[in-house]
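S.K.: Here it is: the structure, laid out below.
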Amino acid sequence: MFSSVFVNDDLATSMQPLPAGPSSRIKPSSLLSSLHSSLPRDGAKAGCSKYLATRAYNKTLLIEELLQRYFCEELAERRKVHEEEMKELSNLNQEVPIFVCTMAFPTIPCPLHVFEPRYRLMIRRSMETGTKQFGMCIADELKGFADHGCMLEVRDVKFFPDGRSVVDTIGIARFKVLSHGQRDGYHTAKIEYLEDKKVEGEELTELLKLHDSVYDQALGWFTSLKDDMKNQIISHFGQLPVKDSDPQGNPNGPAWCWWLLAVLPLENKAQLTILTMNALKDRLIAIRRVLIFVTRKRPR
């Protein structure tokens, strides 16, 4: 019925031809056993390592034909389950995957070394669904993770043969956790996104003055740092972003505020408090207080 060789991940495996005829229906269990026993163990391991590193694979036409011929009902059911699962995983409000690790901020890069199996699965799913997004929260002793966090978008992933990966992400939006959950070992959450409240009139005039004043204060603090410290910050976070002409133009507020919050010597809980603020005025006042504190504390 079939030829004797198929190729997958550069592995050649020989199989005996299957008998043809109306009375020669093959039992699925026997077919799977034959396929399993014919795979070379060392080669299969090497093929898996290559796939884990490159995430590239060749379709095995023989296996596909066998599945369609002998497992058509099971294949259709599995496709249906897979489509429903992908649709569910793509909903970035109802069940957002949560990476519990560190503080993350909008517009700020957040490189990750992923080695835990649960997070490897989470990253793979975020790539397969096409969302390329997940939430980042710091840990909470009682709830598992904090009630606020930042959505991250994957810009690039480098996979290694042992399954680990280095993931280049950047913050895109803040969120509030409405409910905590779990899926296949990793945390999930139902969330709502946070946006700054806009102001007008005299409030806007005062906000613009405060914005310019705190930015100048931040620029003065950064330029006063020693060269080695500045170089370390720049190599990881880049230069201090330019001052926004319209501080209310982005729902998350000015990018320079998040850059400053990421580089200032603050504990995670203090950073989280500022992250949750949905009034730019409150955030600017908090940052100004921190700048005053670190400036006074610096040894002369």
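S.K.: Tell me the residue from GLN248, GLN232 that is out of contact with any Cys (no Cβ under 7 Å at 6 or more places or on another chain), of a type in the set (S, T, N, Q) and touching a residue at least 24 places away in the same chain (Cβ under 8 Å), please. Write out each step before concluding.
M.R.: Working: GLN232 fails: touching a residue at least 24 places away in the same chain (Cβ under 8 Å).
Of GLN248, GLN232, the one residue that is out of contact with any Cys (no Cβ under 7 Å at 6 or more places or on another chain), of a type in the set (S, T, N, Q) and touching a residue at least 24 places away in the same chain (Cβ under 8 Å) is GLN248.
S.K.: Let me ask something else about it. Being exposed (fewer than 14 other Cβ atoms within 10 Å of the Cβ) and hydroxyl-bearing (Ser, Thr, Tyr) is the filter here; which residues of the range 204-226 pass it?
M.R.: THR205, SER213, THR223, SER224 - these are the residues of the range 204-226 that are exposed (fewer than 14 other Cβ atoms within 10 Å of the Cβ) and hydroxyl-bearing (Ser, Thr, Tyr).
S.K.: Here's something else I'd like to know. If a residue has to be modelled with pLDDT of 95 or more and touching a helix residue (DSSP H, G or I) at 6+ places or on another chain (Cβ under 6 Å) to count, how many in the range 175-198 make the cut?
M.R.: Count: 1.
S.K.: Being closer than 20 Å to HIS113 by Cα, modelled with pLDDT under 95 and not in a strand (DSSP E or B) is the filter here; which residues of the range 130-158 pass it?
M.R.: Passing the criteria: THR131, LYS132.
S.K.: Going residue by residue through the range 274-285, is there one that turns out to be of a type outside the set (A, V, I, L, M), outside the structural domain of CYS101 (by TED's automatic domain parsing), loosely packed, with under 12 Cβ neighbours inside 10 Å and over 25 Å from the mean Cα position of the chain (by Cα)?
M.R.: Initial filter on the range 274-285 (of a type outside the set (A, V, I, L, M)): 276, 278, 281-283.
Imposing the further condition that a residue be outside the structural domain of CYS101 (by TED's automatic domain parsing) reduces the set to 276, 278, 281-283.
Filter once more, so that each one left must be loosely packed, with under 12 Cβ neighbours inside 10 Å: none.
Scanning the range 274-285, I find no residue that is of a type outside the set (A, V, I, L, M), outside the structural domain of CYS101 (by TED's automatic domain parsing), loosely packed, with under 12 Cβ neighbours inside 10 Å and over 25 Å from the mean Cα position of the chain (by Cα), so the answer is no.
S.K.: Is at least one residue of the range 261-270 among the acidic types (Asp, Glu), part of a loop (DSSP other than H, G, I, E, B) and out of contact with any Gly (no Cβ under 6 Å at 6 or more places or on another chain)?
M.R.: Taking the range 261-270 and keeping what is among the acidic types (Asp, Glu), we get 267.
If we keep only those that are part of a loop (DSSP other than H, G, I, E, B) as well, we get 267.
Within this subset, residues satisfying the condition of being out of contact with any Gly (no Cβ under 6 Å at 6 or more places or on another chain) are 267.
Within the range 261-270, one or more residues are among the acidic types (Asp, Glu), part of a loop (DSSP other than H, G, I, E, B) and out of contact with any Gly (no Cβ under 6 Å at 6 or more places or on another chain).
S.K.: Do you know which of the residues in the range 162-197 that are surrounded by 14 or more Cβ atoms within 10 Å (Cβ to Cβ) and of a type in the set (Lys, Arg) is nearest to ARG288 (Cα to Cα)?
M.R.: If we take residues in the range 162-197 being surrounded by 14 or more Cβ atoms within 10 Å (Cβ to Cβ) and of a type in the set (Lys, Arg), then ARG174 is nearest to ARG288 (Cα to Cα).
The values are calculated or read from the model by the stated rules, or taken from the named source; none is laboratory data. Predicted model only: the values in this text are computed from it and were never measured. When we count neighbours, we look across all protein chains shown, and the Cβ atoms used for this are built from the backbone with ideal geometry, even at glycine.
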